[in-house]
Amino acid sequence: MKKSTWIGLFLLLFVVLCRLFTPVAEFYAEYCYPVISVCLSWPTSIFPFSLEEITVLVFALLFIGIIIVSVKRKLGFFSWLKRTARLIMWLVVWFYMGWGNNYFRKPLYERAGVERRTFEKEEFNRFIAAYTEELNRTAGAAVMMEQAELEHDINEFYRHQPAELGYTKLHRWQRTKRPLMNWLYSSVSVLGYMGPFFCESQLNLDLLDNEYTSTLAHEKAHLAGVTSEAEANYWSYVYCCQSDDAGVRYSGYLHLLPYVMINAGALYTEDEYREWLAQVSPTAIQDFKDSREHWQQKRVKILDEIQSRMMDSYLKSNNVSEGADDYIGVVGMIITMSNFDL
C-alpha cells in the first residue's frame, strides 16, 4: 500500500480509539483539537464563504469519478472497491480528526464535577418564574452592537471559560462564514452549523434579528469543541444572560422559549400551562410566532423530514443517545449547572 494509505489507517485507528476509550478522546480534545482547529481555520479565514460545502461536493465528485474511471478502464469490482474504501477512509479521518472526535469525550457534568439532577416541579417553578421575569423585562429589545463587535465579544467569552472544562480558545480570525447553498438550509430550518473540515461556523443568512445573537453563540460553542446540542444551547444562553446589552439577553431568553414550553407542557396541567403562558409578554409570544411562521414559509416538507431523520441518526451514532431530542435538554442543564461557579 502507499505511504499515504498507511498514514490514513493510523489516523483511522486513532479515531477508533477515541470512540472506544474516553481518555483518548479527552487527549484529543485538550491537546490535538486546539492545534488542528488553528491549522485548518487560519489559512481558510481569507475566504468569506463556507469551504465545507465545496469539500462535500469535491468528495461526491470523486466518488462519481471513481465509478466512471472503473467502468471506462474495466478495472473490475475489487479495484473499484479498493479506491472507494480509500476515499471513504480519508473522508472519515478528516471529519473526526478535524472536529468529530470531540463527540467521545466526557460530558459536561463530569468535566465540571457536577452531579446531573432530574429536576422536580418545585425546582422548575423557581426557574420558570425567574426566566419569565427576565424574558418580559427585555422583550422587544434590539441588539445595539454591530455584528463584528458582537462576534468579537462572543469569541472573548469563549476564551475565558474555565480551563478545567476543556474548551478550545477561539481566535479573532475565526469569523462566521456564509453558506453557499443558503436556500437548502432554510428549506430544512437549519439556522447554522459547525463545519468539521475547516473548523468554520456558518450562519443562515435568513436569520431574524432576534435570532442572530443566540444562534451565533450556539455555533461558536461548537467551534470551541462542544458537540452536545443541549450544551451548545446552554453556553449560548449563559453568554446572552451575562451581557449588558438588553437585546443580547432577549435573544437568549427568546431562543430558550420553545424548550421552556416543552418542559412546562410535560410538568404542568393544562390549566397551569395556560396560567403561565398568560404571564409571558405578548411581544415575546408574537416574536416566537413570527419566527416559527418565518421558517415554516421557507420549509420544504420532504427535505425537512429527511434532514430530521438523518440528523437524529447522525447524533445517535456519535455518542448522543438522545439524538435530535438532545436540544431539549438545555433547560435541565441550566437548572443542574445553576450552582456551578463560572
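From the list V93, V71, V58, the one residue that fits, being farther than 30 Å from S338 by Cβ and in contact (Cβ under 8 Å) with a residue 60 or more places away in the chain, is V93. Picking from residues in segment 158-179 that are in contact with a Lys or Arg (Cβ under 8 Å, 6 or more places away or on another chain) and part of a helix (DSSP H, G or I), the one that is surrounded by the most Cβ atoms within 10 Å (Cβ to Cβ) is Y158.
Could we say that S321 is part of a helix (DSSP H, G or I), among the small types (G, A, S) and within 20 Å of the chain's Cα centre (by Cα) here? Walk me through it before giving the result.
On the way: part of a helix (DSSP H, G or I): no; among the small types (G, A, S): yes; within 20 Å of the chain's Cα centre (by Cα): yes.
No, not satisfied.
Per the listing V238, V280, the residue uniquely more than 22 Å from R116 (Cβ to Cβ), among the β-branched types (V, I, T) and buried (at least 17 other Cβ atoms within 10 Å of the Cβ) is V280. Given the structure, is Y314 surrounded by fewer than 17 Cβ atoms within 10 Å (Cβ to Cβ), free of Cβ contacts under 8 Å to residues at least 12 places away in the same chain and touching a helix residue (DSSP H, G or I) at 6+ places or on another chain (Cβ under 6 Å)? In short, no. For N101, the conditions (1) surrounded by fewer than 16 Cβ atoms within 10 Å (Cβ to Cβ); (2) touching a Lys or Arg at 6+ places or on another chain (Cβ under 9 Å) all hold with the exception of (1).
Only one of the numbered conditions (1) under 30 Å from Y273 (Cα atoms); (2) surrounded by 19 or more Cβ atoms within 10 Å (Cβ to Cβ); (3) at pLDDT 95 or above is not met by F124, and that is (3). All conditions but one from (1) closer than 30 Å to R19 by Cβ; (2) in a helix (DSSP H, G or I) apply to Q297; the one that does not is (1).
Would you confirm, using the coordinates I've provided, whether M311 is in the same structural domain as L254 (by TED's automatic domain parsing) and over 20 Å from F124 (Cα atoms)? Break it down stepwise before answering.
Numbers: in the same structural domain as L254 (by TED's automatic domain parsing): yes; over 20 Å from F124 (Cα atoms): yes.
Considered against the rule, which asks whether it is in the same structural domain as L254 (by TED's automatic domain parsing) and over 20 Å from F124 (Cα atoms), M311 comes out as yes.
Restricting attention to segment 173-212, which residues are charged (D, E, K, R), more than 15 Å from the chain's Cα centre (by Cα) and more than 14 Å from L40 (Cα to Cα)?
Our first condition is that a residue be charged (D, E, K, R); within segment 173-212, this holds for 175, 177-178, 200, 206, 209, 211.
Checking which are more than 15 Å from the chain's Cα centre (by Cα) leaves us with 175, 178, 206, 209.
Once the filter is applied, which keeps residues that are charged (D, E, K, R), more than 15 Å from the chain's Cα centre (by Cα) and more than 14 Å from L40 (Cα to Cα), segment 173-212 yields R178, D206, D209.
Scoring N263 on the criteria (1) free of Cβ contacts under 8 Å to residues at least 12 places away in the same chain; (2) over 22 Å from R159 (Cβ atoms); (3) not hydrophobic (A, V, I, L, M, F, W, C) leaves a single failure, condition (1).
Comparison of L51, L40, L12 shows that the only residue that is closer than 28 Å to L108 by Cα, in contact (Cβ under 8 Å) with a residue 60 or more places away in the chain, surrounded by 16 or more Cβ atoms within 10 Å (Cβ to Cβ) and within 20 Å of the chain's Cα centre (by Cα) is L40.
Does E134 qualify as being among the charged types (D, E, K, R), closer than 20 Å to Y237 by Cβ and either in a helix (DSSP H, G or I) or more than 18 Å from the chain's Cα centre (by Cα) (or both)?
Values: among the charged types (D, E, K, R): yes; closer than 20 Å to Y237 by Cβ: yes; either in a helix (DSSP H, G or I) or more than 18 Å from the chain's Cα centre (by Cα) (or both): yes.
When the stated conditions are applied, E134 passes them.
The values are calculated or read from the model by the stated rules, or taken from the named source; none is laboratory data. Computed from a predicted model, the values in this text were never measured in an experiment. Note: ideal-geometry Cβ built from the backbone for every residue, glycine included; neighbour counts use all protein chains shown.
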